[in-house]
Every structure is written in C-alpha cells, then in structure tokens.
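Asks: Here you go, one structure.
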Amino acid sequence: MALPLVGKLAVVTGASRGIGLAISKALAARGANLVLAYTSANSAASTASLAAELSSKHSIKAVPIQADLGTTTGPASLVSQAAEAFSPLRIDILVNNAGVALNDKIPDIKPQDFTTSFNVNVMGPLLLVQAAQPYLPNDRSGRIINLSSVSSSLGFVGQSVYGGTKAALEAMTKTWARELSENCTVNAINPGPVRSEMYSRNSDEFKQLIKPFIQNAPLMAVRPGVDDPAIVEEAKTTGGRAGEAEEIAGVVSMLTGPESSWITGQVICANGGMIFEGSFCIKTFKLTNIEHDKPKIESLHLAVIFKCPAISQAVAQILPSSLNSTQLTHFTYKSTTPRVISSALITMETRNDTSDPFEDVLNLEERFYSEGYQLGIKDGIKAGRIEGRSFGMEKGFEKFLESGRLAGKAVVWANRMPPKDESSSACTLPPLPRNARLEKNVNTLYALVEPDTLSTENSDDAVQDFDDRIKRAQGKAKIVERMAGGGGKESSGPSSTP
C-alpha cells in the first residue's frame, strides 16, 4: 500500500531534537521529503546525521537547513534555501515547532527576554508562513501545524511570556485558517509536559507548581507494571508521567493526512487530559463563613467559565472531592447570557448538620436538574439541555406547549368541518384563514375532543358543544403548567395519537 505522504514536502522547524525530531521521523515514515530546519551551529552535525538516516531508511530526500527564525531575515532565508534544494518548490506541509521557553515571574521579566521569546515563538512562524505562502498548494491539500502549549490556557505561574506567545500563536492559527483556506488547513496542537530537553530544564519549583494539573490529567496517571519503573518513580515527585514526543508526533501525522481535510482553525488538545476541548477555568472568588446559632453554614461561590455545556458534569464531579468531608446541600446554576451557555455562577452550601428538609427527597444531582428545568420552562429547550435528562425535560416542555395551544387547534378544526344541508341553523362564526396556525396537528385534536361523540352538524349548538370541550382542554393545560413549573418533574401530557 502506498504511503500517504509520498511525493510531498514537509518543512519542520526545530527538527534536530525533542518533539521536532519525533515529528521528522514520523513524517519520513509516511513517505514525505523533508526540510530539517535548525538554528544553532551546534546542531549542524546531529541534523545532518538525521537527514542521512531518514533518507537511507525511508528512501526519501531530507535536507538540513540552518536558519535563525528569531530574526527578520531567517524565515525568508529558510524558504530560499529550500527552493534551491527542491526545484520546483512546493511546500505541502509546514510544521512550526521551533520555540523557546523562559520562565520568570513578573518582577524578573526582562525586556530582552520578552523580545527573544516573541521573535522566535510568534514573529518567526508568522514570517515563515508569509515566505512560504507563494509555494503552498492551491487545492486546499496543504497543511500548516503550529505547536502551541497548555500554557496558553492554564496560566502557569512564571509563564507570562511563554504562555502569552503561545496564545498569540493560537490566535494566528485561526486567522490563517481563514486567509489560507484555498491553500491549506491550519491547526495547532497544545501539548502539556513532554519528556524532552526543554522540559528537563524547568526548575523544581515550576514542576511543583504544575503538579496539581498533572495529577488531574487522566492519562498522566502512571501504571506500575506497565510504565517504565523510572517513570513510575519520577511520578512520585511530579504527580504523573509526562507525554512522549512520539505521542505528539502521532497527532501531527494525523493532521497531515487526507483524512484531516475537514479540520481547520482548531487547537487540538494532545496533553493527556490536562485540559479538554472547550477549555474551562474554576476560580474561587468569594468564601464566606456565616455564623448562626445552629447550624454553621459555609457558602462557597465559584465562577465557572466554559465553552461546552458538558463541562458542567465535570464541575459536579470535581467540586465534591474538593470539599473533602463537608456535606453538599445546595447546587445552584445561573446562566449569564441569553444566547450561548458560556458562563455560570454556581453556589454550593455545606452544612455541618442534616437539617435540610429536602435532604431525603432530592440529592445533589436532582436539585441541579430541577434548577435547569425551571430555566427550561422560561427560556426554552436550550437552557434545559444543560446536562443529562434533557430528553425527559424536552418532552415535558413540548407537552406543556402542546396543551397550551389546544384552543387554537380546536377552533381551526371546527371551522374545517363540512357543512350539512340538513343543518338546523347556519353557523354564525366567521371562518378562519387557511393558514391558521397548527392546523396540521389534527390527529392530536381528534383525541382531545372525543371525535366519537362529536356532533358534525354545522350549527351554533354544535359549535357551543365544541367550545365546552375546548374549555375542558384548557383546564388540562393549566394543570400541566402547574406540574411543569413546580420542581422540574417530568409531567405527563395529552396523547398525540387518536
């Protein structure tokens, strides 16, 4: 079977070590020719050796090129040298991997350190894309992949500069996805800690700062007997295992293939679960202790910012464990935007006693859905689909609306009845226009007005009988409305079948 990247050219920056080295090997194994870009003269020999190894092993053409991407002329020089090595030049894949990480807290940040980081991590990729643009495909088959970091989202202490540059790279990724849409897809990957030379240079203090994040990442949990014993031992200090460069390279390989042609403008989370798609942040902004005679009530207010409604489930799982032995007795969800559920204020109360009269009736989960259901009655199905039970809530809301519209349905149906010549008197009600609302729901109406006993006479007496039946249906609607608004229980409604 033919390799997917045969005949394509990939430019990989920072190719001599770490993640860049793993990416170069992965793309070569899929048949791509390579430009292996490196910066320092100290990397010349190792990069040349890598090029020879990959050329021999995979029968490809791999060319090492030195260029300082932190300068204004380095990116253009890289593309110029590539054009000399590959003629005619067509850059099918561009991987912006080269980067620097300088960790300093605010008082210690020096302007020159900011400039260095910005030039390599932001300006370098921008100028390289600018220089490469004339050589990109014109059929959307090209691929640009930017290596970002979880630092752009998680705000690690000491990474004002590094996290800021990676956030800028992610922003440019989305812009390039639009500007270059006829040439290529553009995506970013945000790894967390990866076993590499760059990660090993981090201080012990920094590793301790990110330890809680690692401990909460599901795939970073070590597996004794499966993972290397050295990794298991290291995890006792770091909180879990770091990623492997080959794992990041695998995601890059996936994005370079034809199967990824419908993905663009995205930041792909490849960090073992340190953050999920639609990243969120939980921040404690108020903690109050209110002393009463009995009991003592502690209220914890949390601001939760998220882009995906499913994250509310994660919040519900995280918060109880963070409160240790205290007992959860209240969970309130309040939407702060009428259009998209993007933020919430969750209030959780903990009590030292069990005096809550509803404790034996509703557990935490049921209260959460009760609040959500009441919002659903007011704001529609959108608010009701916050999490779980959305099917039942939706059906209850639909039945509520259906009952509330019975009168309109009935009048429409009554005025569609064919007149009879033997009618005792003419019907004095004016006919409704043919586009009267909900006329298509006649099946539901038939069941509600008891068609077996309904008079077909086109007279005022028959219409009065029909009107009496309508009033009974309206009474049913009010009952359903009271049931729906009184605690979120799924109400039963009228049958939709005759």
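Asks: Restricting attention to segment 185-203, does a residue exist that is at pLDDT 95 or above, more than 23 Å from R17 (Cα to Cα) and hydrophobic (A, V, I, L, M, F, W, C)?
Replies: For segment 185-203, residues at pLDDT 95 or above, more than 23 Å from R17 (Cα to Cα) and hydrophobic (A, V, I, L, M, F, W, C): present.
Asks: Here's something else I'd like to know. Inspect segment 37-54 for any residue being closer than 25 Å to N138 by Cβ, under 36 Å from the mean Cα position of the chain (by Cα) and modelled with pLDDT of 95 or more and give the result as yes or no. Steps first, answer last, please.
Replies: Residues of segment 37-54 that are closer than 25 Å to N138 by Cβ, as a first pass: 37.
Adding the requirement that they be under 36 Å from the mean Cα position of the chain (by Cα) leaves 37.
Those still in the list that are modelled with pLDDT of 95 or more too: 37.
Checked against the condition, which is being closer than 25 Å to N138 by Cβ, under 36 Å from the mean Cα position of the chain (by Cα) and modelled with pLDDT of 95 or more, segment 37-54 yields at least one hit.
Asks: In addition: Considering only segment 56-76, I want to know if a residue exists there that is assigned by TED's automatic domain parsing to the domain that holds S261 and at positive phi.
Replies: yes
Asks: Kindly indicate whether I19 is buried (at least 20 other Cβ atoms within 10 Å of the Cβ), of a type outside the set (D, E, K, R), touching a Phe, Trp or Tyr at 6+ places or on another chain (Cβ under 6 Å) and touching a residue at least 40 places away in the same chain (Cβ under 8 Å). Steps first, please.
Replies: Numbers: buried (at least 20 other Cβ atoms within 10 Å of the Cβ): yes; of a type outside the set (D, E, K, R): yes; touching a Phe, Trp or Tyr at 6+ places or on another chain (Cβ under 6 Å): no; touching a residue at least 40 places away in the same chain (Cβ under 8 Å): yes.
It is false that I19 is buried (at least 20 other Cβ atoms within 10 Å of the Cβ), of a type outside the set (D, E, K, R), touching a Phe, Trp or Tyr at 6+ places or on another chain (Cβ under 6 Å) and touching a residue at least 40 places away in the same chain (Cβ under 8 Å).
Asks: Filter segment 238-264 for residues that are more than 17 Å from P4 (Cα to Cα) and either of a type in the set (S, T, N, Q) or not assigned by TED's automatic domain parsing to the domain that holds S141 (or both) and give the result.
Replies: T238, T264
Asks: Going through S160, S153 one at a time, which residue ends up being within 26 Å of F114 (Cβ to Cβ) and under 21 Å from the mean Cα position of the chain (by Cα)?
Replies: S153
Asks: Limited to segment 174-194, what total is found for residues that are buried (at least 19 other Cβ atoms within 10 Å of the Cβ) and of a type in the set (D, E, K, R)?
Replies: Here the count works out to 0.
Asks: Return the residues of segment 151-173 that are among the hydrophobic types (A, V, I, L, M, F, W, C) and either in a helix (DSSP H, G or I) or surrounded by 24 or more Cβ atoms within 10 Å (Cβ to Cβ) (or both); say none if nothing qualifies.
Replies: Applying the first criterion (among the hydrophobic types (A, V, I, L, M, F, W, C)) to segment 151-173 yields 154, 156-157, 161, 167-169, 171-172.
Scanning segment 151-173 gives L154, V161, A167, A168, L169, A171, M172.
Asks: When the residues of segment 40-68 are narrowed to those that are more than 20 Å from P125 (Cβ to Cβ) and in contact with a Pro (Cβ under 6 Å, 6 or more places away or on another chain), which ends up surrounded by the most Cβ atoms within 10 Å (Cβ to Cβ)?
Replies: So the residue we want is A51.
Asks: Inside segment 102-150, can you point out the residues that are among the small types (G, A, S), within 30 Å of the chain's Cα centre (by Cα) and outside any strand (DSSP E or B)? Before you say what the answer is, go through the steps one by one.
Replies: Residues of segment 102-150 among the small types (G, A, S): 117, 124, 131-132, 141-142, 148-149.
Filter once more, so that each one left must be within 30 Å of the chain's Cα centre (by Cα): 117, 124, 141-142, 148-149.
Residues satisfying the conditions are S117, G124, S141, S148, S149.
Okay, residues lined up against (1) buried (at least 16 other Cβ atoms within 10 Å of the Cβ); (2) modelled with pLDDT under 95:
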residue: L78; (1), (2): yes, no
residue: E84; (1), (2): no, no
residue: V100; (1), (2): yes, yes
residue: K105; (1), (2): no, yes
residue: T115; (1), (2): no, no
residue: V122; (1), (2): yes, no
residue: G142; (1), (2): yes, no
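Asks: Specify the residue that is farthest from G273 (Cα to Cα); the eligible residues are those in segment 214-252 that are part of a loop (DSSP other than H, G, I, E, B) and among the charged types (D, E, K, R).
Replies: The residue in question is D228.
One line per residue, one yes/no per condition, for (1) at pLDDT 90 or above; (2) surrounded by fewer than 18 Cβ atoms within 10 Å (Cβ to Cβ); (3) among the aliphatic types (A, V, I, L, M):
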position	(1), (2), (3)
A235	no, no, yes
E244	yes, yes, no
G265	yes, yes, no
C269	yes, no, no
G272	yes, no, no
E277	no, yes, no
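Asks: Okay, next question. Exactly one condition in (1) surrounded by fewer than 16 Cβ atoms within 10 Å (Cβ to Cβ); (2) assigned to a loop (DSSP other than H, G, I, E, B) is not met by I91; state its number.
Replies: Condition (1) is where I91 drops out.
The values are calculated or read from the model by the stated rules, or taken from the named source; none is laboratory data. None of the values given here were measured: they were computed from a predicted structure. Note that we place each Cβ from the backbone using ideal geometry, even for glycine, and neighbour counts take in every protein chain shown.
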